[in-house]
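Chemist: Structure incoming, see below.
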Amino acid sequence: MSGSQKKSGSVFSGILKFSGLSAIAGILGVALLTPVAIVGGFLASTGITVFENLPDYIKPVNASQASTLYATKDGLPVPVAKFYHENRISVDYNEMSPNIRNAVVATEDPRFFQHNGIDLVSLVRAAATSAARGGNGPGGSTITMQYVKNSLVEAANLSGDEKAIAAATEVSIDRKLREMRLAVALEQSASKQEILAGYLNLSFFGNQINGIEAASNYYFGVKSKDLSIPQAALLAGMLKSPNDYKPDEEENLQRALGRRNYVIDNMEAEGYITGQQASDAKKTPIEVHLTHTPSGCEANQTTAFFCDYVVWTIRNGSEFGANPEDREMLLRRGGLEIYSTLDLTAQTAAHNATMTWAPATDPSQIGSASVSVQVGTGRILAMAENRVFDQTQSDKLGHTSVNYATDKNFGGSSGFQTGSTYKVFTLAAWLNAGFRLNDHVDGRVKEWNAATDFSARCGSIGGTWKPNNITKEPEDLTVVQATALSVNTAFASMASQLDLCDIRDVASSFGVHRADGDELVYYPSSILGINEIAPLAMAAAMAGISNKGVYCSPVAIDKITIRSTGADLKVPATTCTPAVTPEVAAGMTYAMQRVISGGTGGASSTGDNTPLAGKTGTTDSGVHTWMTGFSTAVGTATWVGNVSGNKSLSAYKLNKKAANTVRHDIWRTTMQAINKLYPGTGFTPPPADMLGSTVMRVPNVTGQSPEAAVEVIKTNDLNAQIIVTQVRSTQPAGTVAYTRPAAGAATPRGAQVKIYVSKGGAAASVVVPNVSGMTVSNAKATLLAAGYAAVSEPQTSQVQFFQKSATVPKGNVIGTDPAAGTAAPTAGAILLVISTGP
């Protein structure tokens with residue numbers, strides 16, 4: 001007998017017609033199991049309204065249409081993926097083998113075609129059996145009730161609401177009553193065939209396999225309409241406990257065989273198969289043909305992770321429904337024409353570069369992700385990852401369903417520490433505060449006291465911090481040099497002159513946020529990139545800097561059309577807001593250009609004359625590496641690092657190169673392709689005033705103690721360094737003999753002033769030695785050794801100190817002022833006279 005036909009009727013069939021008595025059916029059933037008081041409450045709250053407002057996500061959706069995702073190539077839409085709800089291929093009732101329909105009905109709900117959602121006979125039997133077994137008997141749930149329960153659980157899981165999940169899964173009479181009410185209502189709005197198909201399309205079959213079509217394909221390599229009796233019986237048996245009976249694990253086979261034969265016996269008992277068919281089926285050994293046929297986003301690996309991001313965009317977007325259930329229903333029904341922002345040529349270049357330089361199958365399993373965002377629009381042009389997108393939770397090398405490029409709530413990871421790429425936000429705060437690009441900063445290693453050396457208006461900070469540099473760097477350098485060379489200690493010095501919360505806030509204004517949803521941390525070490533951030537956020541921030549400081553939130557969808565009606569759905573639109581002024585953005589860009597033209601990002605230069613700016617990043621021990629940057633048209637962020645663990649990339653090779661360098665290869669190769677598609681132009685230079693430095697005068701600290709001199713120099717916005725080796729001087733031993741630059745000299749803000757300590761013993765004046773013909777450096781050394789406090793070269797404006805000479809080479813010293821052979825005070829300065837040649 002086919003499951004598509006109802007068996008002979010029963011007395012209950014007439015009672016449960018829609019006449020207002022459907023609610024009574026629920027009450028009668030529950031009355032067998034619950035106290036009178038609970039039933040009374042149920043009666044008071046139930047009536048004809050039980051059929052009203054049935055949630056859409058409970059209504060069966062069978063044979064849903066595929067949604068098509070389009071990218072753009074050469075300005076035209078190109079289909080890149082067709083996907084179903086959760087990569088679940090829903091099929092219609094008639095596309096399911098009678099064998100699977102009959103097996104499920106015979107085992108799960110033999111009276112399915114007789115009852116109207118609640119089976120009183122089964123409830124009585126379940127109650128009696130449970131009482132006899134001390135509450136451990138079989139349940140009385142019908143297929144309709146199970147379908148309702150599965151729908152409620154899925155909707156709760158999709159909502160992410162812990163209370164909703166608990167309510168949908170708790171073992172309670174209240175939950176059972178709700179399921180019964182909804183089951184009765186569902187039977188009035190959907191046919192038996194629709195409900196059975198909906199149940200089988202929603203059911204879980206282990207290994208992240210959802211729906212009978214996917215299960216048939218995976219376990220047996222056939223469509224569900226072609227399932228044999230033993231195959232159908234095995235899958236029907238799995239519904240009770242999928243992970244205990246799934247046949248792809250050897251330890252399950254004996255249990256699975258017993259469960260399968262139990263289902264076959266049920267099919268015979270219910271008249272669906274003959275005794276001979278049952279006997280033959282039970283003699284058939286379990287034979288599986290595991291087949292994972294990629295579908296949905298998995299079918300096109302070049303665009304797979306972006307495709308998954310689009311699905312999550314719909315799941316999370318309020319534009320697509322007021323709640324998660326409504327959005328999921330939109331995906332389940334399908335039939336969407338989704339026109340995305342993806343540029344297929346750019347995407348292919350990014351995908352190939354990522355897979356070439358960080359192969360998915362490399363034993364190190366170092367991860368990589370790269371994202372490109374169009375400047376001024378926020379449109380995501382490319383999103384690549386060095387993994388095979390696989391939603392089966394396969395343990396195959398290089399397979400995952402986690403999108404490393406995105407936030408956790410968009411199917412992504414929890415983000416990765418960004419290292420020195422985060423320094424661009426300290427640079428922005430520096431310029432916001434009115435400081436200049438060629439101000440000097442102190443690059444010396446020191447231990448900082450967070451509470452006294454830094455300020456944070458948004459909270460308290462404490463502890464000590466001693467940052468270091470990867471390589472030995474200059475101790476006195478400009479802000480531009482500090483950016484180009486990525487000097488940690490220099491940026492610590494910059495941050496100590498700012499407010500840490502201002503640095504955090506300027507990062508936030510560029511859309512930077514933690515991928516796990518937590519707040520950005522702001523303690524001192526945060527300026528070196530310890531927040532875990534997704535590559536997408538960093539790419540959008542880079543595009544914002546390029547966009548004259550205006551950040552545009554990233555978007556993945558241009559348009560969605562409902563295929564059946566031609567109507568367009570509202571899609572998330574980019575929001576553009578100023579993060580910094582155009583002048584500050586130009587200053588940031590100026591410094592970041594030097595990263596690529598002569599700094600740590602030189603290996604990322606595309607060599608195509610496209611103006612580029614960027615910032616590199618390497619975390620402690622080289623666990624994560626980044627290259628971020630932009631042209632005037634596109635911003636790109638590339639991450640290469642540990643997905644888990646703390647391996648130093650310097651210890652590994654990817655594609656025969658040091659793993660800590662391939663970020664440059666991926667970024668460079670991707671941007672070379674993008675520069676052809678979206679040509680960049682020249683950057684706007686910063687204001688001349690921002691390019692300079694604030695000029696300070698060196699205070700006169702001669703004769704003071706070195707410690708007091710340091711404080712005086714610091715109050716004048718300069719840095720001080722005490723020279724260990726003492727010098728002969730007329731000043732008392734142990735006091736300051738002189739400084740370099742000398743007292744009164746003009747010098748950039750933040751420049752380092754060297755303090756020379758006197759050891760005494762110098763005459764008040766000495767005869768100036770003859771240094772004619774010497775190089776400048778030798779002349780200075782000779783004069784300083786004679787005991788003079790300072791030796792200076794003339795400024796270009798002092799033309800009288802540049803003289804022609806037929807015998808002294810150009811650039812060497814002709815003489816001095818005071819002249820050689822005359823007595824001059826040692827506390828004074830000697831000025832050199834320079835030859836301009838014959």
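Every read-out reported here was derived from the displayed coordinates using simple, explicitly stated rules and does not represent laboratory data. A quick note: this is a predicted structure, and the numbers were derived from the prediction, not measured. Positions of Cβ are backbone-derived with ideal geometry, glycine not excepted, and every protein chain shown enters the neighbour counts.
Chemist: Using a Förster distance of 56 angstrom, determine the FRET efficiency expected from the C-beta separation of THR822 and LYS657, and round it to 0.05. Numbers along the way, then the final one.
Modeler: On the way: r = 64 Å, r/R0 = 1.15.
According to the calculation, E is roughly 0.30.
Chemist: What does the charge dipole of the stretch 483-561 about its Cα centre add up to, to the nearest 20 debye, if the Cβ of each Lys and Arg holds +1 and the Cβ of each Asp and Glu holds -1?
Modeler: 280
Chemist: Additional query: Within 10 Å, count the other beta carbons around each residue, average over each peptide in 564-575, 482-493, 344-355, and list them highest first.
Modeler: Output ranking for 564-575, 482-493, 344-355: 482-493, 344-355, 564-575.
Chemist: With a ≥ b ≥ c taken as the square roots of the eigenvalues of the C-alpha gyration tensor of the stretch 612-742, please select rounded if a/c is under 1.5 and otherwise prolate if a/b is larger than b/c or oblate if it is not?
Modeler: Since a/c reaches 1.5 but b/c is at least a/b, the shape of the stretch 612-742 is classed as oblate.
Chemist: Next up: Please report the relative contact order for the chain, taking Cα pairs under 8 Å with a sequence separation of at least 6, and give it as a percent rounded to a whole number.
Modeler: After rounding, I find 10 percent.
Chemist: Under 16 Å Cα-Cα from LYS657, which aspartates and glutamates qualify once same-chain neighbours fewer than 8 residues away are excluded?
Modeler: LYS657 reaches ASP362, ASP665.
Chemist: Once every DSSP H run of n ≥ 4 in the chain is given -39500 (n - 2.57) and the sum is divided by its residues, what mean residue ellipticity at 222 nm do you get, rounded to the nearest 500 deg cm²/dmol?
Modeler: -10500 deg cm²/dmol
Chemist: Once the Cβ-Cβ distance between ALA764 and LYS472 is put in as r, and R0 is 25 Å, what FRET efficiency do you end up with, to the nearest 0.05? Walk me through the numbers on the way to the answer.
Modeler: Working: r = 41 Å, r/R0 = 1.63.
Calculated value: 0.05.
Chemist: Rounded to the nearest Å, what's the spacing between the alpha carbon centres of the stretch 542-575 and the stretch 205-251? Just the number, please.
Modeler: Using only Cα atoms, the two centres lie 41 Å from each other.
Chemist: Run the quick spin-label model on ASP326 and SER191: label points 7 Å from Cα toward the beta carbon, then report their separation in nm to one decimal.
Modeler: Once both label points are built, they end up 3.0 nm from each other.
Chemist: Given a Förster distance of 41 angstrom, what is the FRET efficiency for SER621 paired with ASP568, based on the Cβ-Cβ distance and rounded to 0.05?
Modeler: My answer for the efficiency is 0.25.
Chemist: Under unit Cβ charges (Lys, Arg +1; Asp, Glu -1), what dipole magnitude, rounded to 20 debye, does the stretch 641-758 have relative to its Cα centre?
Modeler: Charge dipole of the stretch 641-758: 700 debye, to the nearest 20.
Chemist: HN-Hα J couplings of the stretch 174-189 from phi, Karplus 6.51/-1.76/1.60, θ = phi - 60°, integer Hz, Gly and Pro as x?
Modeler: Residue by residue, the stretch 174-189 yields 4, 5, 4, 4, 4, 4, 5, 4, 5, 5, 4, 5, 4, 4, 8, 10 Hz.
Chemist: If you don't mind, another one. Under 5 Å between amide H atoms, partner at least 5 residues away or on a different chain: which partners does GLY335 have, H built in plane at 1.01 Å?
Modeler: Amide H to amide H, under 5 Å and 5 or more residues apart or across chains, GLY335 pairs with GLN65, ALA66, SER67.
Chemist: Still on this model: In nm, give the distance between the simple-model label positions of SER508 and ASN409, each being 7 Å from the Cα along the Cα-to-Cβ direction.
Modeler: Going from the SER508 label point to the ASN409 one covers 1.6 nm.
Chemist: When ranked by the protection proxy of mean other Cβ atoms within 10 Å per residue, highest first, what sequence do the peptides 376-383, 766-773 form?
Modeler: 376-383, 766-773
Chemist: Return the lysines within reach of LYS570: Cα separation strictly under 22 angstrom, same-chain partners fewer than 8 residues apart disregarded; answer none if there are no such residues.
Modeler: Reachable lysines: LYS82, LYS559.
Chemist: Can you work out ³J(HN,Hα) from phi for every residue in the stretch 809-824, in order, using Karplus 6.51 cos²θ - 1.76 cosθ + 1.60 and θ = phi - 60°, giving whole Hz and x for Gly and Pro?
Modeler: Running phi through 6.51 cos²θ - 1.76 cosθ + 1.60 with θ = phi - 60° gives x, 4, x, 7, 8, 8, x, 9, 9, x, 6, 4, x, 9, 7, 9 Hz.
Chemist: Apply the Karplus curve 6.51 cos²θ - 1.76 cosθ + 1.60, θ = phi - 60°, to the phi angles in the stretch 339-355 and return the couplings in whole Hz, x for Gly and Pro.
Modeler: 9, 9, 7, 5, 9, 5, 5, 5, 5, 4, 5, 5, 5, 5, 5, 5, 6
Chemist: Rounded to the nearest 5, what % of DSSP beta bridges with both residues in the chain are antiparallel?
Modeler: Bridges in the chain are about 75 percent antiparallel.
Chemist: Now for a different question. For a quick protection proxy, order the peptides 431-441, 304-314, 803-813, 579-589 by their average other-Cβ count within 10 Å, most packed first.
Modeler: Order by mean packing, descending: 304-314, 579-589, 431-441, 803-813.
Chemist: Continuing with the same structure: Can you find, among ILE314, SER413, ALA433, the residue sitting farthest towards the positive end of the charge dipole of the chain, where Lys and Arg contribute +1 and Asp and Glu -1 at Cβ?
Modeler: ALA433
Chemist: Also, I was wondering about something else. How high is the relative contact order of the stretch 495-653, in percent, counting Cα pairs under 8 Å that sit 6 or more residues apart?
Modeler: 19
Chemist: Please work out the C-alpha center-to-center distance from the stretch 143-188 to the stretch 773-838 and express it in whole Å.
Modeler: 93
Chemist: Extending each Cα 7 Å along its Cβ direction at ASN700 and THR836, get the distance between those two points in nm, one decimal.
Modeler: 3.3
Chemist: Which of rounded, prolate or oblate describes the stretch 352-486 when judged by the alpha-carbon gyration tensor and an a/c cut-off of 1.5?
Modeler: Working: a/c = 2.11, a/b = 2.01, b/c = 1.05.
Prolate is the answer for the stretch 352-486, as a/c is 1.5 or above and a/b outweighs b/c.
Chemist: Debye calculation, C-alpha points only, no solvent: report log10 I(q)/I(0) for the chain at q = 0.06, 0.08 Å⁻¹, in the same order as the q values.
Modeler: Values, matching the q order: -0.57, -0.83.
Chemist: Can you bin the stretch 684-838 into rounded, prolate or oblate? Criterion: square roots of the alpha carbon gyration tensor eigenvalues sorted a ≥ b ≥ c, rounded for a/c under 1.5, prolate for a/b above b/c, oblate for the rest.
Modeler: oblate
Chemist: Right, here's the next one. By a straight-distance test (C-alpha under 21 Å), which lysines pair with LYS759 as possible cross-link partners, with residues fewer than eight away in the same chain excluded?
Modeler: Once the sequence-local lysines are set aside, what remains near LYS759 is LYS780.
Chemist: Something else about it: Can you grab the distance from the C-alpha centre of the stretch 731-758 to the C-alpha centre of the stretch 289-348, Å, no decimals?
Modeler: Going from one Cα centre to the other spans 66 Å.
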